[in-house]
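What follows is a single structure, written as structure tokens, with notes after it.
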Amino acid sequence: AQSVTQPDIHITVSEGASLELRCNYSYGATPYLFWYVQSPGQGLQLLLKYFSGDTLVQGIKGFEAEFKRSQSSFNLRKPSVHWSDAAEYFCAVGGANNLFFGTGTRLTVIP
Amino acid sequence: EAGVAQSPRYKIIEKRQSVAFWCNPISGHATLYWYQQILGQGPKLLIQFQNNGVVDDSQLPKDRFSAERLKGVDSTLKIQPAKLEDSAVYLCASSSRDRNQPQHFGDGTRLSIL
């Protein structure tokens, strides 16, 4: 069965600090993996996606994620967090047209 | 390009009333999705259309929810009658036929049931 686990419900980091958001998945085939960000009252914006090829994926806003098949993980990273990064982050797995989302990680950024 | 458009942005109704949401996908996108996002959870797929045909509606509570995409472009999602547990954000997304293209989401409709 397909599933996504985001073990951290809420993370607080200081502005300028590095960030890593964890995502583990279960999927029966080679997965397509995504990270979306959602600001309050808004829809989901795609940060990055992995379909195949290089396992280190670069996204928008300075984010990157690394696909580790052996660990069934797709963790999101950013070397230096900005206050505007405060939002909810969702990891998703699936085929190109059938997504399963995690429960999200809420990021708070403190000055 | 214009994004996925949804209306209304907010809706408040009493339980047992009916409500409808509208979605206009990105131009040229053949696939349209409706998701339900309950507070504190990730989005859950309700129904997926390919053009005007239903691809997947296995998670749609068909006793009260219905959706249509008659001309293969915009879509409506209806709830009748609404229950308290239907309070959620309803997100519409669309994607092209290219399997390597992701889904693009609208801003959603926040539904509150009193």
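Where a number appears in this text, it was derived from the coordinates with a stated rule and is not lab data. This is a predicted model, so every value here is computed, not measured. All Cβ positions, even for glycine, are placed from backbone atoms using ideal geometry, and neighbour counts span all protein chains on display.
Between amide H atoms placed 1.01 Å from N, distances below 5 Å from residue B:46 occur with B:34, B:35, B:36, all of them 5 or more places distant or on a separate chain. Over all orientations, chain B has a Cα convex hull whose mean projected area works out to 6.8 square nanometres.
For residue A:87, the residues 5 or more places off, or on other chains, whose built amide H falls under 5 Å of its own are A:107. For residue B:114, the shell of other residues with beta-carbons less than 12 Å away shows a net charge of +2, using +1 for Lys and Arg and -1 for Asp and Glu. Along its three principal directions, the equivalent ellipsoid of segment B:68-107 from the Cα gyration tensor extends over semi-axes of 25, 14, 7 Å, largest first. Here the 3J(HN,Hα) profile of segment B:38-50, calculated from phi with Karplus coefficients 6.51, -1.76 and 1.60 at θ = phi - 60°, is 7, 3, x, 10, x, x, 10, 5, 9, 7, 10, 10, 10 Hz, Gly and Pro shown as x. The alpha carbon centroids of segment B:1-78 and segment A:33-108 are separated by 23 Å. Scaling the Cα radius of gyration of the protein assembly as shown by the globular reference 2.2 N^0.38 Å produces a ratio of 1.02.
Compute the signed sum of charges (Lys and Arg +1, Asp and Glu -1) over the other residues within less than 10 Å, Cβ to Cβ, of residue B:90.
Cβ neighbours under 10 Å give a net charge of +1.
With a cut-off of 13 Å between beta carbons, the residues surrounding residue B:49 carry a summed charge of -1, where Lys and Arg count +1 and Asp and Glu -1. Taken over the alpha carbons of segment A:11-111 as equal point scatterers, the Debye sum produces base-10 log I(q)/I(0) values at 0.11 Å⁻¹ of -0.30. Peptide B:91-99 has a mean shielding of 2, counted as Cβ atoms of other protein chains within 10 Å of each residue's Cβ.
Per-residue shielding of A:64-70, expressed as the average number of other chain Cβ atoms within 10 Å of the residue Cβ, stands at 0.
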